[in-house]
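Reading through the structure tokens given below for one structure.
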Amino acid sequence: MRYEYLGTSNLKVSKICLGTMTFGEQVSESRSFDLLDFANEKGINFFDTAEMYPVYPKKETYGDTERIIGKWIKEKKNRDQIIIASKIASGHPKGIGATELAWIRKGGRSLSFNKKNISEAIDDSLKRLQTDYIDLYQLHWPERSVAIFGELDFKYDPNDNNWTPIQEVLENLNELVKIGKVRHIGLSNETPWGILKFLRISDEKKLPRAVSVQNGYNLVNRVFDIANSEVSLREKCSLLAYSPLAGGRLSGKYTNGNKPHNSRFTLWPKRFSRHHTERGEKAIEKYIKLAKKFNLSPSMFANAFVINRPFVASSIIGVTSINHLKENIDSININFTEEMFKEIDEIHKSDPNPCL
């Protein structure tokens, strides 16, 4: 395993992070324990979760992913050996998917990053995780209206002013850092303006500085390259890349109309439609063919591309089986060449970002 410091922090995280949003929905508690054990044995010390998990979110399973991780930590007694990242949900004006998370602190626009919500959210997460602190506490998505979850263009809304001021958010998070409930803070699904605004206020007001941003990034969604990549590198705010396989599509398991059992697109075909476009399918076919040219499985090829980007501190992989996990971990050993990058860019430039 390879490791890298996260942003300006002292957190040395594995280049592969185990994402856990399947735990408690697609993956049972016992199988989740198997995956956590295997990942840890292979050198993964970084585990990402969120208060709203598992996905697809619903009232009946709310918080179950954190509960499963908490039980595992208690059983293994390994809290001081691992790095836990979690996230607080927000009241983005467009909601989240088909729901506005009405079961989380009244949901909708009530999910602001005010002091009361942040205090309640962190205490509930700590209880479920059975720990006294979270290493990296992230804002799951902005409160303000931004291009998010499959959108590319920012649409300005002059009436969108009902969001917690960024300095106030940082002050609220600072309280958690001061009392030891949070070690470091991070952003997620954030824009270049948002990242820079958070960092500038942090520096000016001596408030906690975001050490990372967790955004989607893969062969068919390289929006992060356009502007966020420079911000990430120059400001030392590392990317935690989620969906490195575009929700599994880059593995090739959905080609030719296949619908694998218990996979997210089979279970919820309409809820992740942004990953399933005609343009995207054509691009995915090209990347699968390219992977085979280099004698690599499509999954390993796609993962290795993400891992070897200079702004990526860790790639967040989501799995449902040991075999998938092993293949994803093995991608760390691939020697990614300039020839590979060149051929990828040729495909990318012919139709950039076909799956947002």
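The values are calculated or read from the model by the stated rules, or taken from the named source; none is laboratory data. Here the structure is a predicted model, which means the values were calculated and not measured. In this analysis, Cβ positions are derived from the backbone assuming ideal geometry, glycine residues included, and neighbour counts consider all displayed protein chains. Surface areas here come from the heavy atoms of the whole protein model, side chains and all, with no ligands, DNA or RNA. Shrake-Rupley method; radii C 1.70, N 1.55, O 1.52, S 1.80 Å.
May I ask you to list the residues in the range 6-52 that are among the small types (Gly, Ala, Ser), outside any loop (DSSP other than H, G, I, E, B) and without any contact (Cβ under 8 Å) to a residue 24 or more places away in the chain?
If the condition is that a residue be among the small types (Gly, Ala, Ser), outside any loop (DSSP other than H, G, I, E, B) and without any contact (Cβ under 8 Å) to a residue 24 or more places away in the chain, then SER30 is the only one that fits.
Of the residues PHE294, PHE336, PHE301, PHE341, which single one is among the aromatic types (Phe, Trp, Tyr), open to solvent by less than 10 Å² (accessible area, probe 1.4 Å) and over 18 Å from the mean Cα position of the chain (by Cα)? Full working, then the answer.
Numbers: PHE294 fails: open to solvent by less than 10 Å² (accessible area, probe 1.4 Å); PHE336 fails: open to solvent by less than 10 Å² (accessible area, probe 1.4 Å); PHE341 fails: open to solvent by less than 10 Å² (accessible area, probe 1.4 Å).
After ruling out the rest, the residue left standing is PHE301.
Kindly indicate whether any position in the range 140-152 is within 21 Å of PHE46 (Cα to Cα) and either modelled with pLDDT under 95 or surrounded by 14 or more Cβ atoms within 10 Å (Cβ to Cβ) (or both). Yes; the residues of the range 140-152 include at least one that is within 21 Å of PHE46 (Cα to Cα) and either modelled with pLDDT under 95 or surrounded by 14 or more Cβ atoms within 10 Å (Cβ to Cβ) (or both). Might you check whether a residue that is farther than 25 Å from ARG222 by Cα and either touching a residue at least 40 places away in the same chain (Cβ under 8 Å) or in contact with a Phe, Trp or Tyr (Cβ under 7 Å, 6 or more places away or on another chain) (or both) occurs anywhere in the range 135-148? Yes, the conditions are met somewhere in the range 135-148. Flag: ARG105 matches the condition of being basic (Lys, Arg), surrounded by 19 or more Cβ atoms within 10 Å (Cβ to Cβ) and under 24 Å from SER119 (Cα atoms). Of note, LEU136 satisfies the criterion of being open to solvent by less than 10 Å² (accessible area, probe 1.4 Å), under 19 Å from VAL213 (Cα atoms) and hydrophobic (A, V, I, L, M, F, W, C).
The set of residues in the range 187-212 that are crowded, with 23+ Cβ neighbours inside 10 Å and small (Gly, Ala, Ser) comprises SER188, ALA210, SER212. In this structure, is GLU278 charged (D, E, K, R), open to solvent by 60 Å² or more (accessible area, probe 1.4 Å), at pLDDT below 95 and out of contact with any Ser or Thr (no Cβ under 6 Å at 6 or more places or on another chain)? Yes. Of note, GLU100 does not satisfy the criterion of being in contact (Cβ under 8 Å) with a residue 60 or more places away in the chain and acidic (Asp, Glu). Considering the range 207-226 alone, what residues qualify as being in contact (Cβ under 8 Å) with a residue 12 or more places away in the chain and either farther than 27 Å from ASP135 by Cα or touching an Asp or Glu at 6+ places or on another chain (Cβ under 6 Å) (or both)? Selection gives VAL213, LEU219, VAL220, ASN221, ARG222, VAL223. Here is a check on your reading of the model: is ASN353 over 14 Å from ALA302 (Cα atoms) and either free of Cβ contacts under 8 Å to residues at least 40 places away in the same chain or not hydrophobic (A, V, I, L, M, F, W, C) (or both)? So ASN353 fits the description; yes. A residue that is aromatic (Phe, Trp, Tyr) and either surrounded by fewer than 17 Cβ atoms within 10 Å (Cβ to Cβ) or within 13 Å of the chain's Cα centre (by Cα) (or both) cannot be found anywhere in the range 9-31.
Within the range 87-95, none of the residues are at pLDDT 90 or above and farther than 25 Å from PHE154 by Cβ.
Please tell me if VAL319 is over 18 Å from LEU35 (Cα atoms) and either buried (at least 20 other Cβ atoms within 10 Å of the Cβ) or modelled with pLDDT of 95 or more (or both).
Working: over 18 Å from LEU35 (Cα atoms): no; either buried (at least 20 other Cβ atoms within 10 Å of the Cβ) or modelled with pLDDT of 95 or more (or both): yes.
Judged against the criteria, VAL319 is not a match.
Suppose the filter is open to solvent by 10 Å² or more (accessible area, probe 1.4 Å) and at pLDDT below 95; does TYR62 pass it?
no
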